[in-house]
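Heads up, the thing below is written out as structure tokens.
The values are calculated or read from the model by the stated rules, or taken from the named source; none is laboratory data. Bear in mind that the values here come from a model prediction, so they are computed numbers and not experimental data. We place every Cβ from the backbone using ideal geometry, glycine too, and count neighbours over all the protein chains shown. Note: areas computed on protein heavy atoms with side chains; ligands, DNA, RNA excluded. Shrake-Rupley method; radii C 1.70, N 1.55, O 1.52, S 1.80 Å.
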Amino acid sequence: MAAVNGEVSFWYAADGVPEPGPALPGDRDVDVCVVGGGYTGLWTAYYLKKADPALRIAVLERRFCGYGASGRNGGWLYNGFAGRGAFARRYGRERAAAMQRAMDEAVGEVVGVAGAERIDADIVCGGVLEVARSKPQLERLRAHVEAERAYGEGRVELLGAKEAAERINVAGTLGGCWTPHGARIQPARLARGLARTVRELGVEVYEGTAVTAILPGSGYRKPRAVTPYGTVTADHVLRATEGFTAGLRGEKRTWLPMNSAMVATEPLPAEFWAEAGWEGREVLGDFAHAYMYAQRTADDRIALGGRGVPYRFGSRTDSDGSTQVETVRQLRAVLDRFFPAAAQARIDHAWAGVLGVPRDWCATVELDRVSGLGWAGGYVGSGVTTTNLAGRTLRDLVLGRDTELTRLPWVGHTVRRWEPEPLRWLGVHAMYAAYHAADRQEAAGRATTSPIARVADLVAGR
């Protein structure tokens, strides 16, 4: 078992878990109220305040800024986003391609803002390496490369087994692909830095302030966010609560809070890195159905994640990042398979968090001018970069601008709600049981993608 389980995440171990700042002191009337102090809320506040310093902006956060997925994720700043295939089918390839270009550019935007605002988030622009360790995974990898190339030449390199292993020596690698549109970050430090920056710009940040309801405007009454300490009334109230959205009144079935878990090893010795490589500090993933994701941290650990227990009944969320012993065991097994030389390494920390999953697995951003309510989220685990694009898009929507960002296909995209319980719990657990079964079949020597996974994709609506 890991030495530390929970305590939000490993990313806070070095600097300590922040003490929440001042809570909302009473009723407030502002121009823009942002509910949620994670990346989406902080980027939105940042870009709005930079665009119009006179705006009165309040951010309301239940615990402290970066408490949720923003301070717990795998540190993948990359150009993937939830829903590209669905957007291409529904809105056309050109609009999906515009979204992809915006995501490609957003990686550099985050790096640029971090530099300009003196945010030290251990950023290394090493790109994204994904590997295949079975014939079906290799088949999916090649299909992925073809799909990427359809959105522009030079976007991704197809690598043979030897070329992939020269970047990161993952045991059993049959092939890989690499894209430059990615970087490793220390996610909690990015969240801390953004919170500091927006405060310096004059944004009111109230922590330890749980929002119990977001109410639409009607007639002459403005929208408002209700808390135990008072109500914030604004011209626009923007929901940026991602995996915690189900806790708001009336939002239980909007986005499903999917669990993802991680472990971090002890710092690994020089001889391990001499064998493993990983000198470029690429972020690492694979093409399993229940996929893994990993990075080499600034202090030479491996931080590695996967789904674990995917969903808790009734859309419940975890307690300060604690995860199950069985999940730690599963992630330990993945680590040992990928890097046998680390089999004796100690696991120093394990933690979990939730990400928002819409019913069609497509991220969305919206501003309803009639009610004054807006939102962004449903990133399905690709939020580190997508939140930045969301923040800039919400800025333009709030300011009434007609821009390339406001014309992207995720703006105003409608999604049906999740099924009620127990159908939701049964469906999600059956889906991931199927994916794990498919991975076991493929690891045992199946030559093509398991039909079990294809059925699971159809049931999931992916």
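Numbers at a glance
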item: Matching residues in region 87-112 - criterion: being aliphatic (A, V, I, L, M) and under 19 Å from the mean Cα position of the chain (by Cα); result: Met99, Ala102, Met103, Ala106, Val107, Val110, Val111
item: Residue that is open to solvent by less than 50 Å² (accessible area, probe 1.4 Å) and closer than 23 Å to Gly108 by Cα, where the choices are Leu373, Leu405; result: Leu405
item: Lone qualifier among Ala433, Ala444 - being free of Cβ contacts under 8 Å to residues at least 24 places away in the same chain, open to solvent by 50 Å² or more (accessible area, probe 1.4 Å), within 23 Å of the chain's Cα centre (by Cα) and over 26 Å from Asp104 (Cα atoms); result: Ala433
item: Residue tally, condition in a strand (DSSP E or B) and either within 24 Å of Pro136 (Cβ to Cβ) or in contact with a Cys (Cβ under 8 Å, 6 or more places away or on another chain) (or both), over region 185-205; result: 1
item: One residue from Arg89, Arg62 being open to solvent by 50 Å² or more (accessible area, probe 1.4 Å) and not in a loop (DSSP other than H, G, I, E, B); result: Arg89
item: Cβ pairs under 7 Å, 6+ apart, first in region 295-317 and over 30 Å from Gly277 (Cα atoms), second part of a loop (DSSP other than H, G, I, E, B); result: Val309/Gln324; Phe313/Glu421; Gly314/Glu421; Ser315/Lys252
item: Criterion: part of a strand (DSSP E or B) and either of a type outside the set (Lys, Arg) or within 27 Å of Gly353 (Cα to Cα) (or both) - qualifying residue of Glu109, Glu105, Glu130; result: Glu130
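Here is a yes/no grid of residues against (1) modelled with pLDDT of 95 or more; (2) more than 19 Å from Arg281 (Cα to Cα); (3) of a type in the set (Phe, Trp, Tyr); (4) part of a helix (DSSP H, G or I):
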{"site": "Val145", "(1), (2), (3), (4)": "yes, yes, no, yes"}
{"site": "Gly152", "(1), (2), (3), (4)": "no, yes, no, no"}
{"site": "Leu159", "(1), (2), (3), (4)": "yes, no, no, no"}
{"site": "Glu163", "(1), (2), (3), (4)": "yes, no, no, yes"}
{"site": "Glu166", "(1), (2), (3), (4)": "yes, no, no, yes"}
{"site": "Ala171", "(1), (2), (3), (4)": "yes, no, no, no"}
{"site": "Trp178", "(1), (2), (3), (4)": "yes, no, yes, no"}
{"site": "Ala183", "(1), (2), (3), (4)": "yes, no, no, no"}
